[in-house]
Amino acid sequence: MSIYKLGDFVRLVEEDAEGYITAILNDGMIAVTGEDGFEIPVPATKVTLVYGKMDTEEDRRTENIQEIPQAEFKNEGIYLAITGDQKQGVVEFFLINESSYQLMLAMNTKKADQIKGEFSGQVAPHAAEKIYTANAASIGNWPVFNFQVVFFSKNLLDIKKPLVYDKKVRPVDLSTSKKEVSLLGMKAWVFRLDEDEAKIDTNKLQEHFLSHRPNKK
């Protein structure tokens, strides 16, 4: 069983090459995509983790969830952000949480009648979490991404139903201009997940991310 997960940055043991894991294959094989954008299958036993490239999960989470004054509590603002481009070969998926809830997130990929878990964990209020890595060149073959979100807060609030949402990213979705995402400190393609039918004017979305920058304490 592979000890690696999607998005890990690894170096090939027997070759002078490195890249991100963009697929977990069968029989102990993984797929690694380098800076040239080519995805190659290699045995999981023939790679090693490059720890300097890995994000520390604890660094992005708040250790304790405190009550937030009711006037400041934000009920909405869940987005999928995709960074990178075809020149880099690899794109990264982030769950952006602009709400005041702590999120319990499960992200799955769906193909035909099958589903596979890709990420499970917590996303702190007003924070971003990397949840997936994919080969940019194979966007036409990307699966449907299924998001299941449970909302948690110590505040006394009205009941908020869990969010279940499917997103199919198409090549045309990444043909538009990126938007500045302050929680990432970079530009990304952004898709809202917690709005009815996920329909939002693109100009308003751009204005939203440019104007809603969190105050750093």
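Observations on the model:
- Remark: SER99, SER138, SER175 ranked as SER175, SER138, SER99, counting other beta-carbon atoms within 10 Å and listing the fewest first.
- Backbone HN-Hα couplings from phi across region 5-14 [Karplus 6.51/-1.76/1.60, Hz, Gly and Pro as x]: 9, 4, x, 5, 9, 10, 10, 6, 5, 9
- The trypsin sites (Lys or Arg not before Pro) found in region 104-161 that occupy coil by DSSP, while having at most 12 further C-beta atoms within 10 Å, are LYS154.
- For region 74-202, the calculated P(r), taken from all Cα-Cα distances in 5 Å bins from zero up to the bin holding the longest distance, is 2, 10, 21, 25, 21, 13, 6, 2, 1, 0 percent.
- Relative contact order, percent, region 74-202 [alpha-carbon distance under 8 Å, six or more residues apart]: 26
Any read-out appearing in this document is the output of simple, stated calculations on the displayed coordinates, not a laboratory observation. Model, not experiment: these values are computed from the prediction. For neighbour counting, all protein chains shown are included, and Cβ atoms are generated from backbone atoms with ideal geometry for every residue, glycine included.
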